[in-house]
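To start, the structure under review is shown below, and the notes come after it.
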Amino acid sequence: MAGYSVKLTKLIKEYHLEQIWVPENLDEIVIETAELNRPGLQFAGFYKYFDPERIQIIGKSEFGYLSGLSREKRLEMVDLYFSKQPKVVITTWNLTITKELVALGEKYSVPILRTSEGTSEFMAALTVSLSVALAKRITRHGVLVEVYGEGILLFGESGVGKSEIALELIKRGHRLIADDAVEIRRVSPRAVVGAAPENIRHFMELRGVGIINARNLFGMGAVKTTEKIDMVIQLEQWDDTRAYDRMGATDIFTSILDVKLPLVTIPVKPGRNLAVIIEVAAMNNRQKRMGHNAAQELLDLLGMPPQEEELDESEWETFFALDN
């Protein structure tokens, strides 16, 4: 996640955190890791793997442990903890913060914040937020739409009709996430999400018409800010010399930011209703995830084994000729 950061002031505003004590340079403090830490082991004196860059969360367990120590021992352990200068300390459950704790925060210039939320609930929400904000990301030329709840990433050469297909899908009740440029983030080892760059969000380019705003034309229900990518569809001009897959028996996958995604190639030809084809592809992809594979059922009846193919990163870049 190196290279990406989120300002602490943004998190304070987003989670309505109470500022118990903060330094004058609060606007300059940035968070660069999505990992959180509960300092129970540190209060017991174990610092071997302590990372001060992580947000520190103190809940009832930590407070309970400290309250069981003598005043001298408690001050010693907490002073040692703050001397490591953690990035920020956040207490949960609206716990009472003593003057001693505030004094140590001021002594070592460590921000002390407080939330009324429960520890597990707050940590879960904060982890998701940081994972998205700090995720490894790339930008690709394409279109991202939501079709029947499936995030469909459309790729293809310029002029193949990606935006026109997206427009038809919007008219059929589906939603646009990004047109032309798709910012893709790896939010977990198994998931990537896509969004439009903020300055072009909801805008579409239609050759012969110009720029339109999908949200203004079709309403808020026609657009969405982000969406998990469930499959990739490559659009290409119909080539009579190429043998296109007619059964879908061979599962082809590709990787985006090391996340494996199903890949389907759809040839574009006058007279083909591509919006309907993409709707069917989305529903079929969901059925496969649920364990219903029509092509495999037919192969089983014919006594043939399943097949799978995956494009590596170099093949992906060459095959689709994508721009960084």
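So the values come out like this:
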quantity: Tally of residues being over 13 Å from A196 (Cα atoms) and buried (at least 24 other Cβ atoms within 10 Å of the Cβ) across the stretch 126-146; calculated: 0
quantity: Flag for E157 being under 24 Å from the mean Cα position of the chain (by Cα) and either surrounded by fewer than 22 Cβ atoms within 10 Å (Cβ to Cβ) or acidic (D, E) (or both); calculated: no
quantity: Subset of the stretch 183-240 [farther than 26 Å from P262 by Cα, surrounded by fewer than 17 Cβ atoms within 10 Å (Cβ to Cβ) and hydrophobic (A, V, I, L, M, F, W, C)]; calculated: I200, L206, V209, I211, L217, M220
quantity: Search result, residues across the stretch 192-230 that are in a loop (DSSP other than H, G, I, E, B), under 17 Å from G161 (Cβ atoms) and in contact (Cβ under 8 Å) with a residue 24 or more places away in the chain; calculated: R207
quantity: Of all residues in the stretch 45-102 being of a type in the set (S, T, Y), assigned to a helix (DSSP H, G or I) and within 34 Å of the chain's Cα centre (by Cα), the one that is surrounded by the most Cβ atoms within 10 Å (Cβ to Cβ); calculated: Y81
quantity: Residues being acidic (D, E), assigned to a strand (DSSP E or B) and within 21 Å of M283 (Cβ to Cβ) - total across the stretch 231-265; calculated: 1
quantity: Every residue from the stretch 142-171 that is of a type outside the set (V, I, T) and closer than 15 Å to I229 by Cα; calculated: G142, L144, E146, Y148, G149, E150, G151, L153, L154, F155
quantity: Failed item in (1) within 26 Å of I184 (Cα to Cα); (2) of a type in the set (D, E); (3) part of a helix (DSSP H, G or I), with E146 passing the rest; calculated: (3)
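Any read-out appearing in this document is the output of simple, stated calculations on the displayed coordinates, not a laboratory observation. Values in this document were obtained by computation on a predicted structure and should not be read as measured data. All Cβ positions, even for glycine, are placed from backbone atoms using ideal geometry, and neighbour counts span all protein chains on display.
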